[in-house]
Amino acid sequence: MKEKLLDLLACPTCGGDILLAHAAKYENKEIIDGVLTCRKCTREYKIVRGVPRFVDLSKIEEDKAETAENFGWQWTHFTQEDEKYSEQFLGWLQPVKKEFFKGKIILEGGCGKGRHTKLAAEWGAKEVVGIDLGDGVESAFTLTREMPNVHIIQADLFKLPLKKAFDFAFSIGVLHHTPDPKRAFISLVSKLTKGGSMSAWVYGAENNEWITKYVNPVREGFTSKISQPMLYQLSKLPTLSVFLATKLIYRPANSAAKPLAKHLFYNDYLNHLGTFGWREQHNIVFDHLVAPTAFYITKKDFESWWKEIKAENVEIVWHNQNSWCGFGKVL
């Protein structure tokens, strides 16, 4: 943890300022082990392996703990980087461009292994704070610890240990895995300064009926319940089917006969998936099967989120024919 993060922290219980009570170990400019304390209520929070810990997973709700465990395992094992992450990230952030990040203080709700945190920092953000509930913070910290403008925190999206100090917040593929996606969205918005902006990408209900009808029962009743190492191996079988289909059918068809390819099942998404190699496709298939909780959100419901926060200049984009990108400015 870098000491300048203290300027952005607030107690998740009482909102008081957070102070550094004790630093047991430094490496370069990072506090690796130490203790934080709240000036107001005197609660203490540990810094462990460079990451401030504002949550005790043994004391949180069962569904949150299960989600944190499952995704935490994923992000400590699928730690690869891919040159296409930048393009993919901007696709989810529509209409935001790289230039938008420059000079801003940014909050990421659900940073996973830190791939988007890193990109935001590289694109000129003044400071980037990545929040995650699970062990993915370990990978995110390892990936970004040498970056002077990145901070990783282990915390609950519903109880953010932060001040109202951010110019831009974003959450990519995380809100729909929380117990209450809209409330998690509003929690992130609550940390924006006046005139700040919010971006979110969520699964769409439209065009995903086959998933909710056939895949979800398998995920909810079986794949999210078994051990992650076992699912890692079992998920290679559906990954093989997806990999062969995207490489041998969807990519060639879209290159040779785009008008005809548009009639293929789930074409936009599977053609996009075909740009990735085996490792990333395995990660994506595993991701869909490991989640204990997953909501598929209609455009109408998604639009209501932005109305509730009274956002302006709202843009809702239909992405890959299966998900929604949203952006708006909060006054």
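Quick notes
- Residue list for the range 38-68, restricted to those being in contact (Cβ under 8 Å) with a residue 24 or more places away in the chain and within 20 Å of His177 (Cβ to Cβ): Phe54, Val55, Leu57, Ile60, Glu61, Asp63, Lys64, Glu66, Thr67, Ala68
- No other residue among Cys14, Cys41 is surrounded by fewer than 16 Cβ atoms within 10 Å (Cβ to Cβ), touching a Lys or Arg at 6+ places or on another chain (Cβ under 6 Å) and part of a loop (DSSP other than H, G, I, E, B) apart from Cys14.
- Annotation note: of Glu127, Glu83, Glu108, Glu138, the sole residue that is among the acidic types (Asp, Glu), more than 21 Å from Ala291 (Cα to Cα) and either in contact (Cβ under 8 Å) with a residue 24 or more places away in the chain or not assigned by TED's automatic domain parsing to the domain that holds Ile316 (or both) is Glu127.
- Those residues of the range 148-202 which are among the charged types (D, E, K, R) and touching a residue at least 24 places away in the same chain (Cβ under 8 Å), in sequence order: Asp156, Lys159, Lys163, Lys164, Asp167, Lys182, Arg183, Lys191, Lys194
- Test result for Glu108, of a type outside the set (Val, Ile, Thr), more than 24 Å from Gly72 (Cβ to Cβ) and outside any loop (DSSP other than H, G, I, E, B): no
- Test: Phe89 is of a type outside the set (Val, Ile, Thr), in a helix (DSSP H, G or I) and surrounded by fewer than 23 Cβ atoms within 10 Å (Cβ to Cβ): yes
- Flag if Val290 is under 19 Å from the mean Cα position of the chain (by Cα) and modelled with pLDDT under 95: yes
- Leading residue by the ranking (farthest from Ala24 (Cα to Cα)) among those in the range 45-86 that are polar (S, T, N, Q) and in a loop (DSSP other than H, G, I, E, B): Gln80
- Taken together, Ala311, Ala257, Ala245 contain a single residue that is crowded, with 18+ Cβ neighbours inside 10 Å, of a type in the set (A, V, I, L, M) and on the phi < 0 side of the Ramachandran plot, which is Ala311.
The values are calculated or read from the model by the stated rules, or taken from the named source; none is laboratory data. All values derive from a computational prediction rather than experimental measurement. Backbone-built Cβ (ideal geometry, glycine too); neighbour counts: all protein chains shown.
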